[in-house]
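Everything below concerns the one structure shown next.
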Amino acid sequence: MSKRIHAKHKIDRRLGENIWGRPKSPFNKREYGPGEHGQRRRGKLSDYGQQLRAKQKLKGYYGNITEKQFKGIYKEAARLRGDTSEKLIGLLERRLDAIVYRAKFVPTVFAARQFVSHGHVRVNGRRVNIPSYRCREGDVVEVRDKAKDAGMVIEASQSSERQVPDYLEVDHNKMSAKLVRIPTLTDVPYPVIMEPHLVVEFYSR
């Protein structure tokens, strides 16, 4: 399991956006980067800077996964037939921790990673504790019985902060979710603009 080495709210402030759209993000109050130099005026980014920032934002959104893992996902997307940027989004959204988060079983993508790694999730009836596990169309993800009554799970499922996207069929009574189809960029409910085409340009240099 990859380890997050930056406080998640500092990721928001460093990138200059509330990338998860959370009301508790300190970026809502302090729209500048962390540290003593955070309030310096931001200069205009070069093409490379824009590509790097797009990569950092997308990588950070999915729990700040490691560079090695993220680059591996890009390489796989590049091998697939079709638009590489769309394939990249599809591969990221098929991660088990992403589906657990999208289904509103937990409040954050970081909680989803921990929830999966602690063995609280089954895929097609089989226990899976690998957050990066890649689901397929038709796979059913469900919360194990012993975790269904956890306060975090109940609170997340009842929260109006996020909506479940239509590429998932979710039953919060059974705490189960089915991946109906692989989403494209326009299907994914990002709270900020993501630019996967710039990520492709970054790695294609």
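At R0 = 22 Å, how high is the FRET efficiency between residue 80 and residue 204 if r is their beta carbon distance? Nearest 0.05 is fine. So, using R0 = 22 Å, E works out to roughly 0.90. So the label point goes 7 Å from the Cα of residue 171 along Cα→C-beta, right? Which residues of the stretch 116-135 then have their backbone N under 17 Å from it? Of the residues in the stretch 116-135, 122-126 have backbone N under 17 Å from the label point off residue 171. Using R0 = 22 Å, the C-beta based FRET efficiency linking residue 69 and residue 192 works out to 0.50.
Subtracting the Cα-Cα distance of residue 47 and residue 184 from their residue separation scaled by 0.36 nm leaves 46.8 nm. Net charge in the neighbourhood of residue 105 (other residues with Cβ under 10 Å of its Cβ; Lys, Arg +1, Asp, Glu -1) is +2. Counting only protein heavy atoms, what percent of the accessible surface of the stretch 82-133 is carbon or sulfur at a 1.4 Å probe? After summing per-atom areas, the C and S share lands at 42 percent. Inter-part distance, the stretch 52-82 to the stretch 115-137, computed on C-alpha centroids, equals 20 Å.
Computed from backbone phi, the HN-Hα couplings of the stretch 119-133 come to x, 8, 10, 10, 10, 6, x, 10, 5, 10, 10, 10, x, 8, 3 Hz, rounded to whole numbers (Karplus: 6.51 cos²θ - 1.76 cosθ + 1.60, θ = phi - 60°; Gly and Pro given as x).
State the answer as a single residue: which of 85, 120, 63 lies farthest towards the positive end of the charge dipole of the stretch 63-122, with beta carbon charges of +1 for Lys and Arg and -1 for Asp and Glu, about the Cα centre. Towards the positive end, the residue furthest out is 120. Checking the Cα-Cα distances for 55/174; 68/178; 87/178 against a 26 Å cut-off, the pairs over it are 55/174; 68/178.
Using a probe of 1.4 Å, the accessible surface attributed to residue 144 totals some 60 Å² when neighbouring protein chains are kept in position. Annotation: aspartates and glutamates with alpha-carbon distance below 14 angstrom to residue 71 (same-chain offsets under eight excluded): 201.
Can you sort 186, 108, 66 by solvent-accessible area, 1.4 Å probe, largest first? If you can, show how the numbers build up before the last one.
On the way: 186 125, 108 20, 66 55 Å².
Ranking 186, 108, 66 by accessible area, largest first, yields 186, 66, 108.
In the context of the full set of protein chains, residues of the stretch 84-205 present 47 Å² of accessible surface per residue (probe radius 1.4 Å, heavy atoms only). Placing +1 on the Cβ of every Lys and Arg and -1 on the Cβ of every Asp and Glu, with no other charges, gives the stretch 52-152 a dipole of roughly 300 debye about its Cα centre.
The values are calculated or read from the model by the stated rules, or taken from the named source; none is laboratory data. Since the structure is predicted, the reported quantities are computational estimates derived from the model, not experimental observations. Because the Cβ atoms are built from the backbone with ideal geometry, glycine has one as well, and the counts that use them run over all protein chains shown. Areas reflect the complete protein model, heavy atoms only, side chains present, ligands, DNA and RNA absent. Shrake-Rupley method; radii C 1.70, N 1.55, O 1.52, S 1.80 Å.
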